[in-house]
1. Exactly one of (1) of a type in the set (Asp, Glu); (2) more than 23 Å from Cys111 (Cβ to Cβ); (3) assigned to a helix (DSSP H, G or I) is unmet by Asp83. Its number?
2. Could you give me the residue pairs with C-beta distances under 6 Å whose first residue belongs to region 3-23 and is within 11 Å of Phe43 (Cα to Cα), whose second residue is among the basic types (Lys, Arg) and in a helix (DSSP H, G or I) wherever it lies, and which are 6+ apart or on separate chains?
3. Looking only at region 23-48, count every residue that is within 15 Å of the chain's Cα centre (by Cα) and either among the basic types (Lys, Arg) or at pLDDT below 90 (or both) and tell me the total.
4. Can you tell me which of (1) in a helix (DSSP H, G or I); (2) farther than 23 Å from Glu135 by Cβ; (3) over 14 Å from the mean Cα position of the chain (by Cα); (4) of a type outside the set (Phe, Trp, Tyr) is the one Ala60 doesn't meet?
Amino acid sequence: MYTLDELYEQNRDIAQLCEVLSVLTTNPELHNNSYVIELMNIFRDKVWVHLVFEDKTVYAELARHDDETISDLAKEFHRSAIDTRKVFTQFMRDWQHRELGHDKKPLSLQCREIFEQILERTVFENEKMLPMIEEHQKLGLRQ
């Protein structure tokens, strides 16, 4: 199990990768650059581990919370994680097959959209979910 500090750090790493990759992927000529590919692989691994972990541990516990506000927010965040995983998985498939040139939409646009979606998720998690977990843990320690 990760600590809250580790979850914040994961979000920070993911956000920084989004920022760097969003610049690099605007140029289609860099899509096959070995450094961009390496960064994209790191991005894929970090996002996937984070999505799977958060879904199976922390938020699953909060979804069973007695406080309906907390459980509803955790359930909504869980539902959005499912959608995010689907979109992310499809994006990574498109990225891996980028040289085939049969994109539904330009890969640069897909990159921008996925980076924005992941960034929004990390901000929401940092500003809403993780503080709620922190408060929940504090209350649990007091009881």
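The values are calculated or read from the model by the stated rules, or taken from the named source; none is laboratory data. Owing to the predicted nature of the structure, the values given are computational and were not obtained by experimental measurement. Reconstructed Cβ throughout: ideal geometry from the backbone, glycine too, with neighbour counts over all protein chains shown.
1. Single failed check for Asp83: (2).
2. Pairs found: Asp13/Lys46; Ile14/Lys46.
3. 2
4. (2)
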